[in-house]
Amino acid sequence: MNTRETTLLAIESSCDETAVAVMRGFGSLLASGIASQSGIHERYGGVVPEVASRNHLLAVSPLVENVINQAGITWNEIDAVASTLGPGLAPALLVGASLGKALALSLEKPFLGINHMEGHLLSPFFGEAEIPPHTGLVVSGGHTLIVDVKGFADYEILGRTLDDAAGEAFDKVAKLLSLPYPGGPEIERRAIEGDPTRYNLPRGMQHSGDWNFSFSGLKTAVRYLLEKEPHYRVEDVAASFQSAVVEVLTTKAVNAAKASGRHILAVSGGVSLNGSLRAALITLGKEHELEIRFAPASLCTDNAAMIASVAAHYAARGGRTAIEEDIFPSLGALLSPVDFSS
Ligand code: KG4
Ligand code: ZN
């Protein structure tokens, strides 16, 4: 397959965003659309898998039509179809996986099953044909990972959260503070007006000597604090909480990069939109002579462009996924279940 001309249709439905993208080559995003369900799940304070699944089913077909029209292509210009196969909510994954496979079969084109976390991991290099060696910090709603990336499809997970993900901690603390879901952007907004030194909250596992994280103790500490001090200022709690999360994430990621001898630290996932996290990383990057790469803002939270981008790398290596390949709700490895020649 000639990569430059490969046109990919990608579908993402692992959580509460239905997303579709059409990409040509490595970086030419012809169209990308997202139908967000966050308004639907807000009243539950989190994503309800069955509700997500039903709403993906309603949204996905019109979105595919729409994105293809926006891309200005016809169906027979599509060279391969990619869907996220995991990790994520099983009933939600099934919608995008089934449609992607059905489209690939009917168009008689290869199917590519993509790992959502590989999508986040490589998103800071969107549009680039080569993935340089680097340390990846992936901070999303479901996962917190430090990864040693030797190159494309050559990853080693160095550390992960042992309980809550960083984004999950933002969401749970926001709920304790009666702030809307998703909590990350709300906490960041409130924290701007707050004093980050007002409460000394625990920096879990900061000195554990490995690259793992734990955020559930921090969340529990916030709960106790709110019970003990009913007249708290939301802004101060938000700022103190955010500063604890940022300190642990940045210290560990920078140390992991240095210990691995990497010169680039690439940061991705929904939490990487956080301005305080970005500022802290930029400062530390200068101090430690590390190049800090962020994913473009539109690719930090869930989207199909990052799925198309990973699929393009596999397609360039003649990759394809058997149509029988199952979805995988849990994260095992970061590789996508694609047969390809490296
Ligand atoms: O990567 P993502 O869209 O979804 C998953 O794959 O999980 O990440 C969503 C997470 C949510 O937990 C949300 O609260 C968090 O990213 N988030 C933020 C910010 N924007 C989104 N966390 C902190 N600060 C933000 N500005
Ligand atoms: Zn995600």
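Solvent-accessible area per residue in the stretch 166-240 equals 52 Å², computed with a 1.4 angstrom probe and all protein chains kept. Think of a 1.4 Å ball rolled over the protein heavy atoms: the stretch 1-148 then has 36 Å² of accessible area per residue.
What is the stretch 81-171 by shape, rounded, prolate or oblate, if you read a ≥ b ≥ c off the alpha carbon gyration tensor as root eigenvalues and call it rounded for a/c under 1.5, prolate for a/b larger than b/c, and oblate otherwise? Note, shape of the stretch 81-171 comes out oblate.
List the GluC sites (Glu not before Pro) within the stretch 160-233 that DSSP assigns to loop and that have no more than 14 neighbouring Cβ atoms inside 10 Å.
Numbers: sites: GLU168, GLU186, GLU188, GLU193, GLU227; in loops: GLU193.
Sites meeting the loop and neighbour criteria: GLU193.
Compute the Cα gyration tensor for the stretch 163-205, then decide on rounded, prolate or oblate, letting a ≥ b ≥ c be the square roots of its eigenvalues: rounded whenever a/c is under 1.5, prolate when a/b is larger than b/c in the other cases, and oblate in all that remain. Oblate, since a/c reaches 1.5 and b/c is not below a/b.
Once fully extended, how much extra length lies between TYR44 and TYR224, figured as 0.36 nm per residue of separation less the alpha-carbon to alpha-carbon distance?
Details: separation 180, 0.36 × 180 = 64.80 nm, distance 2.29 nm.
Roughly 62.5 nm would be gained on extension.
How high is the FRET efficiency from SER341 to ARG160, r the C-beta distance, R0 25 Å, rounded to 0.05? The calculated FRET efficiency here is 0.30.
Highest mobility in the GNM of the chain, judged by mean-square fluctuation with C-alpha springs under 10 Å and restricted to HIS313, HIS41, HIS231, is found for HIS231.
Per residue, how many Å² of accessible area does the stretch 241-281 show with a 1.4 Å probe? Write down the numbers at each step before the final one.
Numbers: 1090 Å² over 41 residues.
Here the residues of the stretch 241-281 average 27 Å² of exposed surface.
Between THR283 and LYS150, what FRET efficiency comes out of the Förster formula 1/(1 + (r/R0)^6) with R0 = 30 Å and r the beta carbon distance, rounded to 0.05?
Given R0 = 30 Å and the Cβ-Cβ separation, E is 0.65.
Over the Cα atoms of the chain, compute the convex hull volume and normalise it per residue, giving Å³.
Hull volume over Cα atoms, normalised by residue count, gives 121 Å³.
Set Lys and Arg Cβ to +1 and Asp and Glu Cβ to -1, take the dipole of the stretch 66-224 about its Cα centre, and tell me which of GLY119, GLY209, ASN69 lies farthest positive. Sorting the options by dipole projection puts first GLY209.
For the stretch 8-160, rounded, prolate or oblate, judged on the Cα gyration tensor with a ≥ b ≥ c (square roots of eigenvalues), a/c < 1.5 rounded, else prolate if a/b > b/c? It is oblate, given that a/c is not under 1.5 and a/b is not larger than b/c. Taking label positions 7 Å along the Cα-Cβ direction at both ASP210 and GLU247, the computed distance is 2.3 nm, reported to one decimal. Average projection, convex hull of the Cα set of the stretch 190-342: 12.0 square nanometres.
Can you give the charge dipole size of the chain about its Cα centre, rounded to the nearest 20 debye, using +1 on the beta carbon of Lys and Arg and -1 on the beta carbon of Asp and Glu?
420
Counting only heavy atoms of the protein chains and using a 1.4 Å probe, THR220 has close to 40 Å² of accessible surface. Does anyone have the angle between helix 305-316 and the longest principal axis of the chain? Alpha-carbon axes, 0 to 90°, nearest 10? On a 0 to 90 degree scale, this one is about 50.
Calculated mean residue ellipticity, 222 nm, the chain: -13000 deg cm²/dmol, from DSSP H runs (n ≥ 4) at -39500 (n - 2.57) each, averaged per residue and rounded to 500. LYS109 sits with roughly 60 Å² accessible to a 1.4 Å probe, with DNA, RNA and ligands left out of the calculation.
Which FRET efficiency, nearest 0.05, do SER28 and GLU130 yield, Cβ-Cβ r, R0 22 Å?
On the way: r = 17 Å, r/R0 = 0.76.
Rounded to the nearest 0.05, the efficiency is 0.85.
For the stretch 61-136, the relative contact order comes to 29 percent (Cα pairs under 8 Å, sequence separation of at least 6).
Full extension of the chain between VAL51 and GLU77 yields a length gain of 6.0 nm, computed as 0.36 nm times the residue separation minus the alpha carbon distance. Carbon-plus-sulfur accessible fraction, the chain (probe radius 1.4 Å, protein heavy atoms only): 51%.
The values are calculated or read from the model by the stated rules, or taken from the named source; none is laboratory data. Note that this is a predicted model, so its numbers are computed, not measured. No Cβ is skipped: glycine too gets one built from the backbone with ideal geometry, and neighbour counts run over all protein chains shown. Protein only, heavy atoms only, side chains kept; ligands, DNA and RNA dropped before computing areas. Shrake-Rupley method; radii C 1.70, N 1.55, O 1.52, S 1.80 Å.
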